[in-house]
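Please treat every number below as a calculation from the coordinates, not as lab data. Here the structure is a predicted model, which means the values were calculated and not measured. Cβ: placed from backbone, ideal geometry, glycine included. Neighbour counts: every protein chain shown.
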Amino acid sequence: MNHGQKAVPPLDMHRLITELSHVRGKTQAEGAWPRKIRYSFDVHDLKTDTFRQETKSFEIQKKPLRIIPHAVGVAEILWAICPRERLIAFNDLTADPDSSFIADKARQQGPIFRSKQTELVIGYRPDLVFTVFYSGADFKEKLSQAQIPSFELGHFGSIESVQRQILLIGDVIGEEGNARALVNLMNERIRDLKARTPHRDHPIRVLYYDEGGYVPGRFSNFNSICDMIGAVNVGTEQGIASWSRIDYETLLKWNPDVIIVPDRSKLKELLVSNRLLSHARAIRSNSVYDVPGVYLRASSQYMLLSADLIAGIIYRQPR
């Protein structure tokens, strides 16, 4: 394919985002309340870049009707499986189009709070707040002091871990049927995507190069994106677990076919103009691509949108 040809994603992006944004499954009989939920909690040790699993339990007294998500990925999942009137506030990143696929909807529905505005969150009188492993300890402690129930979700980066979190969230909020329907839809669209991407004897080797020289590995959303489209994530190929920082010499040594960088970062200009990298395959073939950050940071069902977009970029297949 010549590089003047417009990249066309294999799947219809508008249809895909519509499908992934509102999913309703079979109505199930109302489960018992209160309910006790036992679940696996994935912990990432930043110092050793390793993961471990812990078993946790959570008891919720009644079906939550006033829910606040404290992270973008959780908000995006809830937007698809939970009746919207039960979502009573969103954090500012969920309302940021550079970080969230539902930014416009979140701003319309509102209200919006900053991530550390615990008092404001408490004032909304939620009966459940979803926190994540990177929610601040002070935020979670103040919720506890105010006797606001909170449910902490562990690390999730791969598409499989996202699907486990969808099912878990469905159990917690009493929307198990919708959660299962979303996972089933994701699996169906992943099969569609794989069927529409080229099968190559030598898969395209793709490196995602982020600001600061950080590269994602095996336990990242980018690795799942590459798996879905039949590409090789060079970070995983080189033994990176989650994220690792590399220099230009290492980038040249790994010599990927394609380099993906976040737009608005000026990384493309820096890489293309660097004399050391002038011999790199991706530089010589003009295969360094800017991708909107929202697609690179996706940690929900919308990772399918990211995979669809990047497949269109690296294969440049006409429909």
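General observations
- Protection-proxy order for peptides 120-132, 296-308, 94-106, each taking the mean of Cβ atoms within 10 Å per residue, highest first: 296-308, 94-106, 120-132
- Spatial extent of region 32-173: Rg and Dmax, with the Cα atoms as the point set, Å: 14.6, 42
- In the distance distribution for region 235-311, Cα-Cα pairs more than 14 Å apart total 66 percent.
- Sorted on the mean count of surrounding Cβ atoms within 10 Å across their residues, most packed first, peptides 66-75, 140-149, 254-263 read 66-75, 254-263, 140-149.
- R0 of 35 Å, Cβ-Cβ distance residue 270-residue 49: FRET efficiency to nearest 0.05: 0.85
- Lysines whose Cα lies under 19 Å from that of residue 36, excluding same-chain neighbours fewer than 8 positions away: 56, 62, 63
- Residues whose amide H lies under 5 Å from that of residue 8, counting only those 5 or more places away or on a different chain, are 316, 317; hydrogens are built 1.01 Å from N in the peptide plane.
- Reported to the nearest whole Å, the Cα centre-to-centre distance from region 189-254 to region 148-180 is 26.
- Using a Förster distance of 30 Å, the FRET efficiency for residue 238-residue 192 (Cβ separation, nearest 0.05): 0.50
- Global dimensions of the chain from alpha-carbon coordinates: Rg and Dmax equal 20.5, 65 Å.
- Two-site FRET efficiency, residue 255 against residue 59, from Cβ-Cβ distance with R₀ of 41 Å, rounded to 0.05: 0.20
- Added length on full extension, which subtracts the Cα-Cα distance from 0.36 nm per residue, residue 138 to residue 245: 35.6 nm
- Zone residues, region 139-158, relative to residue 114, backbone N less than 16 Å from point 7 Å out along Cα-to-Cβ: 139
- Looking at region 199-315, the DSSP beta bridges with both ends there are about 25 percent antiparallel.
- Approximate spin-label separation residue 146-residue 33, in nm, with each point projected 7 Å along Cα-to-Cβ: 2.1 nm
- Between residue 207 and 234, 258, 259, 260, the built amide H atoms are under 5 Å apart, and every one of these is 5 or more places off in sequence or on another chain.
- Fraction of beta bridges assigned by DSSP in the chain that are antiparallel (%, nearest 5): 40 percent
- 30 Å Cα-Cα reach of residue 268 towards lysines, excluding residues that sit fewer than 8 places from it in its own chain: 6, 47, 194, 253
- Between residue 17 and residue 214, the simple spin-label model (points 7 angstrom out along Cα→Cβ) gives 2.5 nm.
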